[in-house]
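K.L.:
Please see the structure below; I have some questions.
The values are calculated or read from the model by the stated rules, or taken from the named source; none is laboratory data. Computed from a predicted model, the values in this text were never measured in an experiment. Don't worry about glycine lacking a Cβ; one is built from the backbone with ideal geometry, like all the others, and counts go over all protein chains shown.
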Amino acid sequence: MGSPQSVVVRPTPSVRGPVRPPGDKSISHRYALFAALAEGTSTLNGYSTGADCASTLSCLRALGVAVDIVGRDATGLQVRIVGRGLRGFQKPDGALDAGNSGSTIRMLAGVLAAQPFVTQIGGDESLSRRPMRRIIVPLERMGARIASNDGRPPLTIEGAAPLRPIAFQTDVPSAQVKSSVLLAGLHADGETRVTETVQTRDHTEQGLKLFGVDVHRAGLTVSIHGGQHPHAADLNVPGDISSAAFWMVAASALPASEVTVSDVGLNPTRTAIINVLRRMGADIVVESATTDAEPMGRIVVRHGGLKAVEIAPEEVPGLIDELPVLAALATHGGALRVTGAGELRYKESDRISELADGLRRMGARIEELSDGFHVHGDRRLRGGEVDARNDHRLAMAFAIAALGATGPTTIHDAGAAAVSYPEFFTVLESLRA
């Protein structure tokens, strides 16, 4: 192990042990936003320890919401939030800082579009490169006025009350865009509908119901009636399956490995990773423990050999966060071809280009496609020096790839993992056989 910014990962023959992943990042963001819009005091257990979710809490505090971290345990943070109702936010003293979090800026924009004041919201250098027209267009149609840096942050949002309801069709499959429009729709005068090209993760729909808001789905269209008042709720955040994916892949990759992931979210819009790992050869047992709106359970993963697999464009929206670590799995054997994943170029980094560059530096044979990649697992990695480019998922994917190399790998900018999983490298050491 090195400094927080540069970490050395050495090969290991196998990984074994129990893991409880951090609280789900996507759900944590949403529960905090809904609690802030609710009437009453909500308590969220297992809230993500990642920096992105801390950015959401920081922005809410700046908007006058009382947010207290009242405890911390193995499942995450216990957060108490006193809601201010639909239009109870206060004008912040300065610009809101979303840090590295696209979820924070896009979803919060839907709420700010309905506030009776002007708000500026921006973030770090990486966030300032990310596309925002996908939310600017529908929110302006609803009546807000939004200035940007050529469609990128920072955004200056002049709210309108009430907003106009719209029927909106998304161009790019994005749960963040859907959520932004639905949250604005909660403040609109009438019914707002969002139609997707393929269904994305449905944590917003499930979460709003837990806070007492009626949301309806018919096929690929989700609708919400404005003027409903969310009520406070006490909720548990499941473990993050996108974080658990790194350990599931490590166990799939290395012979004689077995990892048990407990209390992990099993929302059907997020479990495509399990099916892909099975197709690639992993031995996986899923034990469902709860049947709540956000089901949780236990996953046991064992190595079972590796096969060549293709991921088709229609599968990509359900796997968008897991694609880098699936590429890492293919470096251990088998092969992986992914197409229809052009959205990866607009994440914290250009994940296609930077992933290909990093894996090549470690000795992989990988072809970069315009909308994906093709990893040939026909050679063992040698290790080397790679740069995570301030991208948390690349930092962790390179670490999983490095476990099967012949020599050590130095990952620069590995501290980026703290965006979603601050404990990642500590857990990695605990699983070494």
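K.L.:
Restricting attention to strands (runs of 3 or more DSSP E) lying wholly within segment 260-340, give those where 1 or more residues are aromatic (Phe, Trp, Tyr), farther than 20 Å from residue 175 by Cα and not assigned by TED's automatic domain parsing to the domain that holds residue 383.
P.N.:
Strands (runs of 3 or more DSSP E) meeting the threshold: none at all.
K.L.:
Answer yes or no as to whether residue 400 is more than 17 Å from the chain's Cα centre (by Cα) and part of a helix (DSSP H, G or I).
P.N.:
When the stated conditions are applied, residue 400 passes them.
K.L.:
With the requirement that a residue be buried (at least 20 other Cβ atoms within 10 Å of the Cβ) and at pLDDT 95 or above, what does segment 340-361 give you?
P.N.:
341, 344, 351, 352, 354, 355, 356, 358, 359
K.L.:
Follow-up. Would you confirm, using the coordinates I've provided, whether residue 52 is acidic (Asp, Glu) and outside any strand (DSSP E or B)?
P.N.:
Yes; evaluated as a whole, the condition is true for this residue.
K.L.:
Looking at (1) surrounded by fewer than 17 Cβ atoms within 10 Å (Cβ to Cβ); (2) within 30 Å of residue 371 (Cβ to Cβ); (3) more than 23 Å from the chain's Cα centre (by Cα), can you tell me which one residue 313 breaks?
P.N.:
Only one criterion in (1) surrounded by fewer than 17 Cβ atoms within 10 Å (Cβ to Cβ); (2) within 30 Å of residue 371 (Cβ to Cβ); (3) more than 23 Å from the chain's Cα centre (by Cα) is unmet by residue 313, namely (3).
K.L.:
Hey, another quick one. Considering each of 76, 64, 85, 71 in turn, give the residue that is touching a residue at least 40 places away in the same chain (Cβ under 8 Å), surrounded by fewer than 19 Cβ atoms within 10 Å (Cβ to Cβ) and not assigned by TED's automatic domain parsing to the domain that holds residue 260.
P.N.:
Of the residues listed, the single one that is touching a residue at least 40 places away in the same chain (Cβ under 8 Å), surrounded by fewer than 19 Cβ atoms within 10 Å (Cβ to Cβ) and not assigned by TED's automatic domain parsing to the domain that holds residue 260 is 85.
K.L.:
Answer with yes or no whether residue 44 is buried (at least 24 other Cβ atoms within 10 Å of the Cβ) and free of Cβ contacts under 8 Å to residues at least 60 places away in the same chain.
P.N.:
no
K.L.:
Now a separate question. Residues to consider are 263, 283, 234; find the one that is within 30 Å of residue 305 (Cα to Cα), surrounded by fewer than 23 Cβ atoms within 10 Å (Cβ to Cβ) and touching a residue at least 24 places away in the same chain (Cβ under 8 Å).
P.N.:
On inspection, the qualifying residue turns out to be 263.
K.L.:
While we're here: Would you confirm, using the coordinates I've provided, whether residue 172 is in contact with a helix residue (DSSP H, G or I) (Cβ under 8 Å, 6 or more places away or on another chain) and either under 22 Å from residue 43 (Cα atoms) or crowded, with 21+ Cβ neighbours inside 10 Å (or both)?
P.N.:
no
K.L.:
Only one of (1) over 18 Å from residue 203 (Cα atoms); (2) without any contact (Cβ under 8 Å) to a residue 60 or more places away in the chain is not met by residue 332, so which one is it?
P.N.:
Checking residue 332 against (1) over 18 Å from residue 203 (Cα atoms); (2) without any contact (Cβ under 8 Å) to a residue 60 or more places away in the chain, the one that fails is (2).
K.L.:
Being at negative phi, touching a helix residue (DSSP H, G or I) at 6+ places or on another chain (Cβ under 6 Å), assigned to a helix (DSSP H, G or I) and not β-branched (Val, Ile, Thr), is that true of even one residue in segment 362-371?
P.N.:
No, the conditions are met nowhere in segment 362-371.
K.L.:
Could you grab me the full set of residues in segment 20-41 that are surrounded by fewer than 24 Cβ atoms within 10 Å (Cβ to Cβ) and assigned to a strand (DSSP E or B)?
P.N.:
Hits for segment 20-41 are 39, 41.
K.L.:
Would you pick out the residues in segment 335-377 that are more than 20 Å from the chain's Cα centre (by Cα) and in contact (Cβ under 8 Å) with a residue 60 or more places away in the chain?
P.N.:
Correct list: 377 only.
Rundown of residues vs (1) under 20 Å from residue 106 (Cβ atoms); (2) at pLDDT below 95, yes/no style:
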position	(1), (2)
166	yes, no
171	yes, yes
182	yes, no
192	yes, no
207	yes, no
220	yes, no
225	no, no
231	no, no
238	no, no
